[in-house]
Amino acid sequence: MLFLFRIIKFSFQDIARNIWLTIATVMILLLALFSINTLIAVRLISDNAVSAVKEKIDISLYLSAEATESQIMDLKTQITNLDNVANVNYISKQSAMDSFRVKYENNPEVLAALSELGRNPLSPSLIIIPKNFDQSDLVINGLKAINNPIIESRDFSDNTSILTKINNITKRINELGLFVISVFILISLLVVYNAIRVAIYTHRQEIEIMRLVGASNYFIYLPYLCSAIVYSLLSTLVIISIFYPLLTLIQPYLEVFFMGYSINILSYFVDNFVLIFGSQFLIVVFINALASLFAVRKYSKI
């Protein structure tokens, strides 16, 4: 117990004596952690956006206005039995008209033009939802093979361009994020290495005396390892105190921007608090411990 107490005491004395180096080290680690968490948040938003877009993608078949209910139901059953089709929704003429009126309820000119027609000009339709968006081409090919006279037109709009753009943006952001994180990790190693090197130089006479009285390598090294743990703990606590309020401010804007989609990055960080910040703390401790070991080995000849 006395051995541990002396190590901790020596470590905190070193931190206090080199307070500016401590602040610089913690700030560099803080920037690295901020970059990592920002990358996680961006990746989460992009993944949710892609999933939300996929859920909204469908394929439409517009049917003849003279088609009977039995003909439509037969066609619906035929399409439902196709491979890779998750669901088929039938939109009747009346349902289409109701949706049209709701969509243009604030446009009296459109509604007036519709009233002058004196009839429902809209056609019934079938909305096909693929099981997997990546296999939507197979669904489209299956639909093209169906030659039914009640089918008036087919909407096989290519939605892949939307997802391709999102995926490309996400890929570029991830690549840039990984580069920034790598730079910060390298800088962190150098800063911690330099901080410990200066600390060892400051305490070189004490280390020589410890050597003369028979101090072990562990007794010389462990205080710096303890300092590395303190740096890691401080940087992790600070990033938590900064990042959660920031997420709280961003979340309402995300809900407005992605209206109708369930994207809650704040909830994700809360639910995975231990996994996210626990792993980051362990990684930072490892980086600091590694830098400490290199510095101590070189400058104290362990």
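Every number in this text was worked out from the coordinates using simple rules, so none of it is lab data. Just so it is clear, the structure is predicted and the values come from calculations on it, not from any experiment. Here the Cβ positions follow ideal geometry from the backbone for every residue, glycine too, while neighbour counts run over all protein chains shown.
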query: If each residue's Cβ is checked for other Cβ atoms within 10 Å, how do Val183, Val88, Val42, Val256 rank with the fewest at the top?
result: Val256, Val183, Val42, Val88
message: Kirkwood hydrodynamic radius, region 58-157, all distinct C-alpha pairs: what's the number in Å?
response: 14.6
- request: Multiply the residue gap between Tyr244 and Asp47 by 0.36 nm, knock off their C-alpha separation, and tell me the result in nm, one decimal place.
  value: 68.9 nm
Ranked Phe100, Phe184, criterion: other C-beta atoms within 10 Å, fewest first: Phe100, Phe184
- line: Lys and Arg at +1, Asp and Glu at -1: neighbours of Tyr268 with Cβ under 11 Å from its Cβ sum to -1
query: Quick one: Ser123, Ser267, fewest Cβ neighbours within 10 Å first, how do they rank?
result: Ser267, Ser123
- line: FRET efficiency for Leu290 and Asn87 from the Cβ-Cβ distance with R0 = 51 Å, rounded to 0.05, comes out at 0.45
